[in-house]
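The values are calculated or read from the model by the stated rules, or taken from the named source; none is laboratory data. Given the structure is predicted, the values throughout are model-derived calculations rather than measurements. Glycine also receives a Cβ, built like all others from the backbone with ideal geometry; neighbour counts cover every protein chain displayed. We work out accessible area using only protein heavy atoms, side chains counted, and drop any ligands, DNA or RNA first. Shrake-Rupley method; radii C 1.70, N 1.55, O 1.52, S 1.80 Å.
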Amino acid sequence: MKVSLNWLKDYIDLKGIPSNDIVERLTMSGLEVEDVVDETAIYKDFIVAYVKEKKKHPNADKLSLCTVNTGTEDLQVICGAPNVEAGQKVVFAPIGTLIPKGNFKITKAKIRGVESYGMICAEDELDLSDDHSGIMVLDEKVSVGKSIADELSLNDTIMEIAITPNRPDALSHIGVARDLAAIYNKEFKLPWFKLQESSHKVKDFASVEIEDTENCPRYTAMVVRNVKVKESPEWLKNRLTKIGLRPINNVVDITNFVMYELGQPLHAFDLDRLAGHKIIVKSTEVESTFKTLDSKERKLPAGTLIICDGEKPVAIAGVMGGENSEISNSTKNILIESAFFNPASVRRTSKRLGLSTEASYRFERWVDPSGTLPAAERTAQLIAELGEGEILNGVIDVYPEKIIEKEVPLRFERIKRVLGYSIPNEKVISILKRLGLKVKFESEKEYRFSVPTYRSDIEREIDLIEEIARINGYDNIPTISKISISLGEKVDESSFVDQTREIACVLGFYEMLNNPLQGEDLTEITGNRIQVLNPQSIDMAYLRTSLIPGALTAVAKNINVGEKNLKLFEIGNVFNLNPDKEKIESFYDFTEVQKLVFILTGKENEKTWQQQEKLFDIYSLKGIVDSYLLRLSLDKAAADSYYHNEETIYDLYFTKSYKGKILGTGGRIKKELLKQFDIPQDVFCFEFDLNLLRSIKPEQRKYKEPLKYPKSTRDLAFVFEKSVTYEQVIKFIWQMSSELLKSVRIFDLFENPSLGKSKKSMAFSLEYYSEERTLTEEEIEKEFSKLISEVTKKFNATLRGT
Amino acid sequence: MLEEKISEINSGFNQDIVTIKDQKQLEELRIKYFSRNGLVSQLFNELKNASKEEKPVLGKSLNTLRNDLTARFDSLKVKLEISKEKEEDKIDLSLPGTRRIIGSRHLITQTLDEIKTIFKGLGFSVVGGPELESDYNNFGALNFPPNHPARDMQDTFFITEDFLLRTHTSPVQIRVMEKYKPPIRVIMPGLCYRNEAISSRSYCVFHQVEGLYVDTDVTFAELKGTLVSFAQQFYGEGLKYRFRPSFFPFTEPSAEMDITCFLCHGKGCRVCKHSGWLEILGCGMVDPNVFDNVNIDHEKYTGYAFGMGIERTALLKYGIDDIRIFFENDFRFLRQF
């Protein structure tokens, strides 16, 4: 909300306090000043000048060559505005002036060959409005040569204050002044005015009835007759433009002015357009339509609180008036509405209609129920004054159940318990009194305060403590330099994921983070997706069901910018609706699982002067997966299965499982999917379920003494039928060997016509040793020859090189 | 006679050997002493003429001489060979070595880890919670009344009327307080969602770290002390800070913590909106209504809570001007950190 410092000074004496101190103190007491516009600083260099002469620019049709008098000298100035004429008083920016719009400095310039010594300004250049249709032509009365800061009263300080939802009372100049009064411990005065009422009684001209008293606890109305609707006086227009409002006519401007002054939203009805001169407040029973004063037809759901006259709806309560009862230039008699509506009701209506106004914004936060009457009077008085009208005698004030001031107890000892320091009781009481609270009960240890009705946020002791803390200043709360640490058990639920990240990095992977909100095409391939009710766009309408689509998107994007060799991983949650569910009604209807994805594409190594280029392949992926599990000490626990058939993502894949549960799946992404992502190269990826993985307790590692006896190695190669797999051979070797065999490593694999048709050679390196003794040559030889004969027999293989 | 010759040869060899500089000279030395007609062989020939009594003694001396000279010759030979190798197989040390690629954690993770480490050092546990939350945990239990404007502070993605994507990590507070008894001292990092227009300043997902401490004697003063200690460890010693009153439904009194803008050192710049201050986190004392909702006695216990956005923190710390870069996974970005 924009607040004018000059306006505030109507209610509180701030003489001698620099504006930056006010800004600082407001911010430090909870009314955060987000931006400050110091007009005096901005406009000090602009002066009023007089256009003495206007000629055509010799080289440009649309430009004028003006002689401008600045009070001290005549200057030649080029002007492009269509409305510049000799005899005008204008805003002139001499050389060196900083123009607010675009933040540039005026310099001597040559425009189409002619020199120009300054600029005649339009409103937009001064940041006064968006108007760039022509230069600003000033009133005759202003003095040439004077700064516009004074002549146009551009000498205010405008503060943009962020008002938190708990402080609706501060959504007005009076509200801010009230806080300032408490902060600076100064007097603050409400606007003073004398109501001049006619002898006609208001009750003879209008009536108000509330049917729905729950949603409209109070409705105050006054009537002003024979009003002239016209342009507002300068002072009023000035007040409004300073805070960013556009003046319309005196009646509308006054209702706006009083709202920004007192915080009470007001509505002015054309009394003669109210059937039966009646106001009835009620909730609609059926859905209906209503045209608001912005000429829009709006659908009102049943249960909307509306204002009706004797026949029809005339306003949506607390949100916006209707076109049918709006003030026009011919309006004579005005009914002023100053009401208190139930905040929840206004919010509901505003949300349902998608219509938020300054009025609804205030009502849904809480306006002061005690403030409707003074606000109505203030409005009536101003309308009568500025519209030459006649205020009817008395008010119609329907307020069946008075909202009374709450009483809140305060234990002084509790202040220290919460804040950690003591504040003298007298100071505590003084602060609360300055905020408008009254002492209702007092004892040594405890007081009870009544809270004015405009402070809806103060209901409990803790609310009082907050007020005391903020007015006394958070800076005064000590910053202690010692904390106590409990010796109880500490947990770190993130340690497993941290370990995973560390391993992934060591394995050469870079971590990525993808948006879990994805489009239809990405989410449909991998699971039973969950939809967002109110997505921002169709590209983000679902929650990811797997990390793979996001990873593929990242790969595609990188390949597009020339990054073709990638090793990426991500840890994130994926969401799936349970297969038998349509809709989430409880936490049991869906799963949220933390997953890990590894993705590889392109070259594993570039060619170097020492090394051949190598592309990533399925074995790169298998190696990574195995290294990861080994580092987690889960290599023994996890088992492999291999598949050659195509499925939804892969055309070649394998799984890791433990006790029948699949820990993860991965393989080569199938061509069709690569095409969908526009990826022109092979991609390998593996996705682990981290919830499962972390649930497996790895074996406790135990120290093993380094081997004391020598190891013996034997190499050999067999020629097999091509259909024999590595896995078959290796399993058989382990199965038939004694415990002296400690490791088998395949070190060569090749196919060659010389081996025979559909044959292949696999070469193995075997390691034998015992932990208890040195093996004899004979022992090893016996093992080795047994292995040769068994393998050749089992697979119909031949030993090579013999 | 023979003995004299032995000592003569010995001293001659000593003089010769120090002059040997290359293979050719070495070969000449070998021929002079060890060839068939070399000086050493000649002496052995002369041994035949020696008397029976002298022979064993002289023989022994001769053998010692030969072994000694041979050993010295061999060691010189090895030395010369090594230096020959060095010259011939000179290694070009300027050739690049074989690099191993070590990946890296995402900058957001690195920032989060840094924060985590500091709070773990202050005795905090680390706990996580789900991203798809109930409206109750995300709002209701945290003292956001239904249909209240405070909800407008956090634009929400809804899944159903009662389920949503958490808008902050604060629902984990509720889960923790429902599960554990005080004293509770935890931080709760995680991903959050806000239905805000995507721009260089805001994105629809972001990370937060939430902190919570509940015990019988927790005060605002301790909250200040803890967070100042954190800020000094994270942003550097000697920074200026301030706590400014603010509003969060689940804490009261509430505050926002600002530190001096480290880009302009408080003079005012674009990043700090010319205020000289940067807001780094929100915090406050746990609202008694929140304690009531998790059945913790708000008379007996007090507590504080705080929360900070990681993306914003990383933007500031690393001088990044567009928040979207964190979720684009551009390898050229990922590799930088």
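Structural remarks
- With all protein chains modelled, accessible area of B:LYS77 [1.4 Å, Å²]: 90 Å²
- Cross-link reach is defined here as a Cα-Cα straight distance under 17 Å, omitting same-chain residues fewer than 8 places apart; for A:LYS101 the aspartates and glutamates meeting it are A:ASP35, A:ASP38, A:GLU39, A:ASP45, A:GLU123, A:ASP124, A:GLU125, A:ASP127, A:ASP130, A:ASP131.
- Residue mean of other protein chain beta carbons inside 10 Å, A:70-80: 0
- Distance between segment B:97-143 and segment B:144-199 - C-alpha centres, whole angstrom: 15 Å
- B:HIS148 contributes an accessible area of around 50 Å² to the protein surface, as traced by a 1.4 Å probe with all chains present.
- Test item: A:470-482 mean partner chain Cβ contacts at 10 Å: 5
- Entry for segment B:2-88 at q = 0.12, 0.14, 0.24 Å⁻¹: log10 I(q)/I(0) = -0.40, -0.52, -1.18, Debye formula applied to identical alpha-carbon scatterers, no solvent contribution.
- Along its first, second and third principal axes, ordered by size, segment A:613-692 spans 37, 31, 22 Å in Cα coordinates.
- Over the Cα atoms of segment A:197-398, the radius of gyration divided by the Kirkwood radius equals 0.94; this is the Rg/Rh ratio.
- Under 30 Å from A:LYS332, Cα to Cα: lysines that are on another chain or at least 8 residues apart: A:LYS194, A:LYS201, A:LYS203, A:LYS228, A:LYS230, A:LYS237, A:LYS242, A:LYS278, A:LYS282, A:LYS291, A:LYS296, A:LYS312
- Segment A:1-145, Cα convex hull volume normalised per residue, Å³: 139 Å³
- Segment A:468-522 - Rg and Dmax from Cα coordinates, angstrom: 22.2, 57
- Counting only heavy atoms of the protein chains and using a 1.4 Å probe, A:TRP734 has close to 120 Å² of accessible surface.
- The relative contact order of chain B, computed from alpha carbon pairs under 8 Å that lie at least 6 residues apart in sequence, is 15 percent.
- The Cα trace of segment B:207-264 gives Rg and Dmax of 12.6, 41 Å, the first to one decimal, the second as a whole number.
- Rh by Kirkwood over Cα pairs, then Stokes-Einstein D for segment B:105-189 at 1.002 mPa s and 20 °C, µm²/s: 150 µm²/s
- Viscosity 1.567 mPa s, 4 °C: Kirkwood-radius Stokes-Einstein D of segment A:219-321 over Cα pairs, µm²/s: 85 µm²/s
- Volume of the Cα convex hull of segment B:245-337, divided per residue and given in Å³: 138 Å³
- Of the beta bridges in chain A, as assigned by DSSP with both residues counted there, near 95 percent are antiparallel.
- For chain A, the solvent-accessible area of protein heavy atoms averages 48 Å² per residue (probe radius 1.4 Å; ligands and nucleic acids excluded).
- Fraction of alpha-carbon pairs over 15 Å apart in segment A:406-474 - percent: 44 percent
- Cα principal axis extents for segment A:712-799, largest first, Å: 45, 21, 20
- Per residue, chain A reaches -7500 deg cm²/dmol at 222 nm when only DSSP H runs of four or more residues are counted, each adding -39500 (n - 2.57).
- Ordering B:ARG312, A:ARG352, B:ARG201 by accessible surface, largest first, gives B:ARG201, A:ARG352, B:ARG312; the 1.4 Å probe counts only protein heavy atoms, with every chain in place.
- With contacts taken as Cα pairs under 8 Å at a separation of at least 6 residues, segment A:612-758 carries a relative contact order of 15 percent.
- Listed residues A:PHE747, A:PHE732, A:PHE193 arranged by accessible area, highest first, probe 1.4 Å: A:PHE747, A:PHE193, A:PHE732
- Computed over every Cα-Cα pair of segment A:504-613 and binned at 10 Å starting from 0, the pair-distance distribution P(r) comes out as 14, 37, 28, 13, 6, 2, 0 percent.
- Think of segment B:179-329 as a dipole: +1 on every Lys or Arg Cβ, -1 on every Asp or Glu Cβ, centred on the Cα centre; then among B:VAL290, B:LEU191, B:TYR304, B:LEU191 lies furthest on the positive end.
- Inter-centroid distance (Cα atoms) of segment A:115-159 relative to segment A:634-675, Å: 73 Å
- Accessible-area rank, largest first, for A:ASP715, B:ASP215: A:ASP715, B:ASP215, with all protein chains present and a 1.4 angstrom probe.
- Bridge type composition, segment B:107-334 - antiparallel percent by DSSP, nearest 5: 95 percent
- Scanning chain B for GluC sites (Glu not before Pro) that sit in a DSSP loop and have at most 13 other Cβ atoms within 10 Å, the longest stretch containing none of them is B:54-160.
- Radius of gyration and Dmax over the Cα atoms of segment A:552-700, both given in Å: 17.2, 62
- Relative contact order, whole percent, for segment A:45-146 stands at 29, derived from Cα pairs under 8 Å and 6 or more residues apart.
- Pairs of Lys in segment B:224-333 closer than 29 Å at Cα, counting only those 8 or more apart or on different chains: 10
- All Cα pairs of the protein assembly as shown, percent lying beyond 46 Å: 56 percent
- Per atom type, segment A:17-148 shows carbon and sulfur on 48% of its accessible surface, probed at 1.4 Å.
- Each part reduced to its alpha carbon centroid, segment A:44-114 and segment A:768-802 end up 103 Å apart.
- Most mobile listed residue (B:TYR33, B:TYR241, B:TYR136) in chain B, GNM with C-alpha springs under 10 Å: B:TYR33
- The Cα atoms of segment B:107-334 define a convex hull whose projected area, averaged across directions, is 12.5 nm².
- Within-11-Å neighbourhood charge of A:LYS759 [Cβ basis; K, R +1; D, E -1]: +2
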